[in-house]
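First the structure, in the form of structure tokens, and then the observations on it.
The values are calculated or read from the model by the stated rules, or taken from the named source; none is laboratory data. The structure presented is a predicted model; accordingly, all values stated were derived computationally and were not measured. Cβ coordinates were reconstructed from backbone atoms using ideal geometry, including for glycine residues, and neighbour counts include every protein chain displayed. With ligands, DNA and RNA removed, areas are computed over all heavy atoms of the protein, side chains included. Shrake-Rupley method; radii C 1.70, N 1.55, O 1.52, S 1.80 Å.
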Amino acid sequence: MKILNKKEIKKIIDELKDYYAIKDLELDYTFLKDNKDKIYIVSNDFKLLNSKDLRISGLGLYFINTIKGLRLSIEGSQIIGKQAKKNIYEISGDEIKEWLKGYDLECSKELNGYQLIKNKNDFYGVGFAFNEKIRNFIPRERRIKGNV
């Protein structure tokens, strides 16, 4: 894992602020990037360790994937969701059950790109809207099985 420098972190934060219309986004964490372009966040106390001597394959809270745009994790959506003003897709109680089972959602055709999935005051990750659907990215191991 590589510790991102201030310039790399600022680029990610600026893109998130622009995409989700966030006025002021303070993320006071150390950002780590793995070899699959996944970004993890850890406490700034991590910098106090002599990380050059550590061989770390996994650490911190998975925050965002940067392979194709900025795809927030479920936890990432919860961290920035309450500050976001755009690209939020609000869903009903019935739709949230389907979403948590891993199903895609139907949507209007004018939506395009990553959408924060929101139900009431809670955020449940992001989906990618295109062709009147929002693609679900909830990992199989985190999906709800059976009747909810």
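For the stretch 105-119, give me each residue that is modelled with pLDDT of 95 or more and either within 23 Å of residue 18 (Cβ to Cβ) or open to solvent by 80 Å² or more (accessible area, probe 1.4 Å) (or both). Passing the criteria: 114, 115, 116, 117, 118. Restricting to the stretch 10-41, give me the number of residues that are under 13 Å from the mean Cα position of the chain (by Cα) and in a strand (DSSP E or B). So the count comes out to 4. Of all the residues in the stretch 12-36, those that are free of Cβ contacts under 8 Å to residues at least 12 places away in the same chain and buried (at least 16 other Cβ atoms within 10 Å of the Cβ) number 1.
Beta carbons closer than 6 Å, at least 6 apart along the sequence or on distinct chains, pair a first residue in the stretch 75-87 that is open to solvent by 90 Å² or more (accessible area, probe 1.4 Å) with a second that is aliphatic (A, V, I, L, M) for 85/21; 86/21. Applying the set (1) touching a Lys or Arg at 6+ places or on another chain (Cβ under 7 Å); (2) open to solvent by 60 Å² or more (accessible area, probe 1.4 Å); (3) within 16 Å of residue 76 (Cβ to Cβ) to residue 1 leaves exactly one unmet item: (3). For the stretch 120-148, a residue qualifies if it is more than 19 Å from residue 21 (Cα to Cα), surrounded by 12 or more Cβ atoms within 10 Å (Cβ to Cβ) and in contact with a helix residue (DSSP H, G or I) (Cβ under 6 Å, 6 or more places away or on another chain), and exactly one does: 144. Residue check: residue 42 meets all listed conditions (1) modelled with pLDDT under 95; (2) out of contact with any Leu (no Cβ under 7 Å at 6 or more places or on another chain) but one, namely (2).
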